[in-house]
Structures are given as C-alpha cells and as structure tokens.
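Here is the structure we will look at, set down as structure tokens.
The numbers here are math on the coordinates, done by the rules we state, and not lab data. Because the structure is a prediction, the values reported are computed rather than measured. Every residue, glycine as well, gets a Cβ built from its backbone with ideal geometry; the counts of neighbours run over all protein chains shown.
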Amino acid sequence: MEVEANIRPLNEGSTSFFKTVFNGLNVIIGIGVLSMPYALASGGWLSLILLFGISGAACYAGLLTKRCMDANPRIKTYAEIGEFAFGKIGKRVLSIILYIDLYLALTGYLIVEGDNLHDLFPKVKTNFHGINIGGKQSFIMIIAVAFLPTVWLEDLSVLAYVSATGVISGFVILASVLWVGLFDGVGFHSRGELINWKGIPTAMSLYMFSYSANPVFPTLYASIKKKRHFSKVLLIGFFGATICYATMAILGYMMFGSALQSQITLNLPTQKLSSKIALYTTWISPLSRYALMMEPVAATTESWFPKHQKKKGFKIVLRTILVVSQAIIAMSIPFFGSLMSLVGALIGATASITIPCLCYLKISSKNLRRSNERVVIMLLAVLSIVIVVVGTYTSMKNIIKEIMVRQH
C-alpha cells in the first residue's frame with residue numbers, strides 16, 4: 001500500500017525558504033486549533049506544559065526525520081524512511097499508518113462541518129421515509145454530498161491554491177475569538193482549574209493530534225531549494241503554530257471555562273458577526289482540503305484493483321463509497337473531541353514521534369551506541385508509546401461512554 005506514492009510532490013529543490021516556512025505552517029496548523037481550548041479545559045492550566053513539551057518533542061522528531069533522509073539521498077517520502085530502516089515491512093507499516101491517519105482526519109472534517117453548520121442553523125432536521133434524522137447528522141449527509149464532486153476531479157490544482165489558506169484560516173479564527181472576548185460581551189472571567197488529572201490523557205492526545213504533521217515533512221524537505229535551511233523551517237513552523245495554539249487555548253479557557261465544547265466555534269454567540277466569520281471560515285477551510293487529502297487515500301484504494309483502477313466509472317464509484325463510509329462513521333461517532341483525541345494518541349504520536357525516533361536509532365545505530373543523544377531519543381520513544389497506550393485507552397473509553405449516553 002503505497003500512500004505517499006500517490007501524493008503529488010512539490011517541485012523538488014525549487015521552493016524558497018519563505019514559501020517552505022508558509023507551507024510548513026499550513027501543514028502544522030489545522031483543525032486542531034479548534035480543540036485547543038477544550039484540551040486546556042480538560043487538563044487544566046498546568047497542561048500547557050504538555051503542549052510545549054509535545055511541540056518540542058514533535059519538532060525534534062522532525063529534525064530526526066531530516067537526518068534519516070540525509071543518510072540516503074534517494075529517500076523522498078516518509079514511507080521510504082521506514083523501508084531504509086526496516087525493509088519492506090517498515091514501508092508497509094508506515095503506509096498503513098498514513099492511510100488510517102488521512103482517513104480518520106477526513107472523517108473529522110465531516111464532523112466539524114456538521115457541528116458548525118448545525119450551530120448556525122440549529123432548527124434544521126430531516127425526515128427520510130418516516131425516519132427522523134437529527135440536525136448534525138443531516139448536515140454531515142449534506143456536506144458529504146457537497147464534497148462528492150470535488151473527489152471526482154482529476155485536476156486538483158485549483159483546490160491546491162485554495163487549501164494554502166489553512167494557516168490564514170487559523171489566525172482568522174483566533175482573531176474572531178479574541179474579538180468576541182473583547183467586544184461582544186463575553187469577557188475573560190473564568191479562572192479555571194490549575195490541573196485536572198482525569199483530563200490529562202485527553203489533553204495530551206488532543207495536543208498530540210495538533211502536532212501530527214511529521215509524515216508530510218519529507219515532502220517539504222525534498223522541495224526546499226537550500227536543504228541546510230530546513231531546520232530553521234521546522235523551528236519557525238513549530239514556534240508559530242505553538243504561539244497560535246497556546247493563545248487560542250488561553251483565550252478560550254478564560255472566556256468559557258469548563259463550559260467549553262470540543263470546538264471553540266460551538267461556544268461563540270452565533271448572532272455576532274465575528275462569530276459568523278469564525279464559523280464560516282471553519283466551514284470553508286475543510287471544503288478545499290478534503291479532496292486534496294482524499295486523493296492519496298482514494299488512489300491507494302484504487303491500486304488494490306489493478307484491472308479497474310484506470311476506469312473513470314470505477315474511480316467515481318470507489319471514491320463515492322469512501323465518502324459514504326466516512327459519512328456513516330461521522331454520523332455514528334459525531335464526537336469531534338474524542339475522535340481527534342483517538343487519532344492524536346493512536347496515529348499522531350506513533351507517526352510523528354515514535355517512528356522517527358525508532359528509524360533514526362536503527363539508521364544511526366553505529367554512531368549513537370554510547371552517546372547521550374541515544375538515551376534522549378530512546379526516552380522520547382518510550383514516552384510517545386505511553387501517550388499511545390494511555391491516550392488510546394482513554395479516547396476509546398470516552399467514545400464508548402458517549403455512544404452509550406446517546407443511545408439512552
């Protein structure tokens with residue numbers, strides 16, 4: 001399963017430093033910014049230490065990814081790092097992780113769209129042959145249908161330009177939240193908890209989800225003109241993203257306290273213009289990104305059927321099935337916070353910290369035998385595995401609990 005083989009790479013060695021910085025910020029700052037206040041509310045003020053710690057760990061793992069690529073100039077993708085370190089098995093494992101990561105992230109987009117449109121139009125409901133469908137589920141169905149034509153497109157170049165607004169969207173939402181707090185009567189009155197131990201696993205997993213961009217870094221590294229500047233790209237990208245995330249988390253927690261929902265936009269007063277700007281920005285951004293992220297998933301799935309993969313009709317049917325399957329999951333588990341927490345713990349920590357550490361340890365085993373850095377990398381790998389185990393258990397427990405409550 002060659003997921004990255006189906007990602008259209010940037011022009012190798014032709015991208016400037018500043019454009020690569022922008023691309024890096026665009027990759028790191030995603031829909032995770034919406035859940036930052038909820039993550040902080042889950043863990044309390046001291047969980048900000050986890051935010052900064054995970055940011056530093058993910059950035060360092062990004063530098064290890066760069067070093068892995070430097071060890072063999074032929075490495076161009078994330079999966080090829082796994083192959084160089086652990087052979088074909090390593091490549092297959094990394095490809096599977098990428099596939100699951102993208103698939104669940106796309107499902108999260110549908111949930112975000114459904115939640116925010118339902119917040120704008122709370123009275124909308126659907127009756128299908130006597131079956132009452134709730135507002136959120138109705139909007140998930142509508143959005144899935146709206147997304148379908150974009151995943152059928154063969155030329156995604158137009159959407160590629162629109163998707164670059166991701167970093168801008170993050171700061172627009174941040175500015176809108178700040179405006180609501182300052183001028184729309186909400187204020188910053190919540191004192192919050194210093195620490196909530198029960199919520200630490202959820203906070204940790206959501207922070208991890210927001211820094212799970214490591215699999216895309218090889219593409220950025222291959223594209224930058226001057227390779228020696230890539231370390232600066234990572235440092236600037238993580239610093240900028242962390243400032244954005246921390247600011248959003250602090251503002252949201254001070255504004256709404258323990259009443260925070262899984263997405264900050266769902267707490268905003270919908271009658272205010274600033275809130276509408278945030279909600280519509282949240283709605284537009286996934287609209288452009290969905291098809292681009294679906295492309296490698298769809299192309300990989302098509303490759304499982306080599307006799308039919310070039311037939312246009314087959315492609316349309318298969319991509320429709322993929323969208324429908326994601327819509328069904330989104331309607332069945334419409335819990336954005338818990339789902340993204342699961343993705344962050346199970347996939348994000350594995351892909352962005354554990355694997356880069358293990359691959360670098362394997363590739364540089366001779367040079368790192370007695371170095372202090374080897375101990376640091378091993379410790380980082382162990383800590384990331386703890387995030388995977390604890391975060392996955394907590395997320396699954398929360399999802400099952402929410403499903404049980406919903407059924408009753």
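Ordering of 36-49, 340-353 by packing is 340-353, 36-49, highest average first (other Cβ atoms within 10 Å, averaged per residue). Structure note, pairs Lys123/Lys276; Lys76/Lys227; Lys226/Lys366; Lys88/Lys362: Cα-Cα distances above 20 angstrom occur for Lys226/Lys366.
Projecting label points 7 angstrom from Cα along Cα→Cβ for Ser371 and Lys88 puts them 3.2 nm apart.
Relative to 2.2 N^0.38 Å, what does the C-alpha radius of gyration of the stretch 322-387 come to as a ratio? Two decimals please. Normalised Rg, Cα atoms only: 1.59. Highest mean first, the peptides 51-64, 206-219 sorted by other C-beta atoms within 10 Å per residue fall in the order 206-219, 51-64. Sorting 232-244, 392-404 by their mean Cβ neighbour count within 10 Å, with the most densely packed peptide first, gives 232-244, 392-404.
Legend: P(r) of the chain from all alpha carbon pair distances, 10 Å bins from 0, whole percents, reading 5, 22, 33, 27, 11, 2, 0. By the rule of a C-alpha distance below 22 Å, with chain neighbours fewer than 8 residues away ignored, the lysines paired with Lys315 are Lys307. Amide H contacts under 5 Å for Thr126: Ile133, restricted to partners 5 or more places along the chain or on a different chain, H placed in the peptide plane at 1.01 Å from N.
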